[in-house]
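Asker: Here it is, the structure in full.
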Amino acid sequence: MHELSLMDGVVKALLKSAGENDISKITKVKLVVGKMTAALPSALEFAFEVLSKGTLIEGAELEIEEQEIIGRCEACGKEFKTNLYAFVCPHCGHPKVDIVSGRDLYIDFYEGD
Amino acid sequence: MVKVRLASRILEANEKIAERNRKFFQDKGIFVINLMSSPGSGKTSILERTISRLSGETPLAVIEGDIYTSQDAERIEQKGAPVVQINTSGACHLDAHMVEEALGDLDLDKIKLLVIENVGNLVCPAEFDLGEDAKVAVLSTTEGNDKPMKYPLVFRQSQAVLVNKIDLLAHTDFDLDVLRRDVHLINPELKIFEVSARTNEGFEPWCQWLAEQVRNKAAAV
């Protein structure tokens, strides 16, 4: 449900940047969404559709890249792909793992005229 | 056609305000917890017990997040703690800006502990930093022990989890061993406190842990 407030931030950032860059119509937006965020792509798409209505973003294509969760073992230093449910090093079994990526939530780029 | 690279973080605006809140708490030496759980797990009851136990030695205040009502704030007020209600008007979580606004309504000069009770929801609140020192999750035995696996983010980010309604354990299928195993897979350092807000069972270790965090923060100023 918070996808709506997240997308509100996206739309505001896009409108601000479009104004600064003299862009009157946005045609494509690319978001990167880490799998460790609690944001659901389908809910983000719905929120995008609702919030972009009546703005210069309306009708733009939304591309969402889901970012894998990458952990780094604090003991052996190896990096590995993981999921949300087991932060244990698959190489040495150490239980303390730093999250290297997977928490991101950002606008990569947009296209417009 | 123009392509504009933004690399703009969506939660950046929230994070900036959260940092401002954190600095404010740091300067005043106030330890802040962000209390999160699903609806009905007993956050407010736990808070009432905690206030009763700590208020003599630890001056504390409460920010109550609720979608529409002020029922929880009224309960806290009866316990004698200063409280501010935030009504999110439909939003499923508190954000840093709401907390910043609420701070203006509290006299924090003598406060050493601030508890922010988030909106009852295990998903969205985990995403929004409020400027707190520690996130604390509450889970009740009647909800089932599968919650950490279903909502891992909140358990990954928390420093402590209170397993409430422990007095009802025998009447449920809740498996404490499975819960301990699951939360420690997600977060090996998570502290687990088994409590009952109804009977007061288990509150001593939780309150001692909390009081220790408060003392450490105050000593660092």
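Asker: Among A:81, A:16, A:28, which is the only one that is without any contact (Cβ under 8 Å) to a residue 60 or more places away in the chain, outside any loop (DSSP other than H, G, I, E, B) and within 11 Å of chain B (Cβ to nearest Cβ)? Give the steps one after another, and end with the answer.
Answerer: Values: A:81 fails: within 11 Å of chain B (Cβ to nearest Cβ); A:28 fails: without any contact (Cβ under 8 Å) to a residue 60 or more places away in the chain.
Result of the check over A:81, A:16, A:28: A:16.
Asker: Going residue by residue through the range B:187-208, is there one that turns out to be under 16 Å from the mean Cα position of the chain (by Cα) and within 14 Å of another protein chain (Cβ to nearest Cβ)?
Answerer: Yes, that holds for at least one residue.
Asker: Now for a separate question. Applying the selection to the range A:91-113, what residues are within 19 Å of the chain's Cα centre (by Cα) and among the small types (Gly, Ala, Ser)? Explain how you work it out, then say what you get.
Answerer: Initially, the range A:91-113 is screened for residues within 19 Å of the chain's Cα centre (by Cα), giving A:99-111.
Listed by number, the residues that qualify are A:101, A:102.
Rundown of residues vs (1) on the phi < 0 side of the Ramachandran plot; (2) surrounded by fewer than 21 Cβ atoms within 10 Å (Cβ to Cβ); (3) among the charged types (D, E, K, R); (4) in a helix (DSSP H, G or I), yes/no style:
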| residue | (1), (2), (3), (4) |
| --- | --- |
| B:6 | yes, yes, no, no |
| B:19 | yes, yes, yes, yes |
| B:27 | yes, yes, yes, yes |
| B:33 | yes, no, no, no |
| B:39 | yes, yes, no, no |
| B:46 | yes, no, no, yes |
| B:49 | yes, no, yes, yes |
| B:61 | yes, no, no, no |
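Asker: Identify all residues within the range B:123-132 that are farther than 21 Å from residue B:217 by Cβ and more than 11 Å from the chain's Cα centre (by Cα); write none if there are none. Break it down stepwise before answering.
Answerer: Of the residues in the range B:123-132, the ones farther than 21 Å from residue B:217 by Cβ are B:123-128.
B:123, B:124, B:127, B:128, listed by residue number.
Asker: Look at residue A:88 and say whether it is under 18 Å from residue B:9 (Cα atoms) and within 11 Å of another protein chain (Cβ to nearest Cβ).
Answerer: On the way: under 18 Å from residue B:9 (Cα atoms): no; within 11 Å of another protein chain (Cβ to nearest Cβ): yes.
No; evaluated as a whole, the condition is false for this residue.
Asker: Something else about it: Name the residue that is nearest to residue B:121 (Cα to Cα), counting only residues in the range B:157-186 that are within 14 Å of chain A (Cβ to nearest Cβ) and crowded, with 22+ Cβ neighbours inside 10 Å.
Answerer: From the range B:157-186, those within 14 Å of chain A (Cβ to nearest Cβ) are B:157-158, B:178-186; that's our starting set.
Within this subset, residues satisfying the condition of being crowded, with 22+ Cβ neighbours inside 10 Å are B:158, B:179, B:183, B:186.
Details: B:158: 14, B:179: 19, B:183: 18, B:186: 19 Å.
Selected residue: B:158.
Asker: List every residue pair whose Cβ atoms lie under 9 Å apart, where the two residues are 6 or more positions apart in sequence or sit on different chains, the first residue falls within the range B:68-89 and is farther than 22 Å from residue B:104 by Cβ, and the second residue, located anywhere, is small (Gly, Ala, Ser) and part of a loop (DSSP other than H, G, I, E, B).
Answerer: Partner pairs satisfying both residue conditions: B:79/B:55.
Asker: Something else about it: Just the residues that are more than 15 Å from residue B:130 (Cβ to Cβ), away from chain A (no Cβ under 14 Å) and surrounded by fewer than 19 Cβ atoms within 10 Å (Cβ to Cβ), please, taken from the range B:70-103. Break it down stepwise before answering.
Answerer: Our first condition is that a residue be more than 15 Å from residue B:130 (Cβ to Cβ); within the range B:70-103, this holds for B:70-83, B:85, B:87, B:89-90.
Okay, now just the ones that are also away from chain A (no Cβ under 14 Å), so B:70-83, B:85, B:87.
Hits for the range B:70-103 are B:70, B:71, B:74, B:75, B:77, B:78, B:79, B:80, B:82, B:87.
Asker: Next up: If you take the residues in the range B:127-150 that are free of Cβ contacts under 8 Å to residues at least 60 places away in the same chain and not polar (S, T, N, Q), which one is farthest from the other protein chains (Cβ to nearest Cβ)? Outline the logic, then answer.
Answerer: Filtering the range B:127-150 down to residues free of Cβ contacts under 8 Å to residues at least 60 places away in the same chain leaves B:141-142, B:144-146, B:148-150.
Retained after the next criterion (residues that are not polar (S, T, N, Q)): B:144, B:146, B:148-150.
Numbers: B:144: 16, B:146: 11, B:148: 9, B:149: 6, B:150: 10 Å.
Across the range B:127-150, the extreme among qualifying residues is B:144.
Asker: Just the residues that are away from chain B (no Cβ under 13 Å), of a type in the set (S, T, N, Q) and surrounded by 13 or more Cβ atoms within 10 Å (Cβ to Cβ), please, taken from the range A:31-66.
Answerer: A:52, A:55
Since every read-out is calculated from the coordinates, none of them should be taken as a lab result. Since we're looking at a predicted model, the values are computed, not measured. Heads up, the Cβs are rebuilt from the backbone with ideal geometry, glycines too, and the neighbour counts pull from every protein chain shown.
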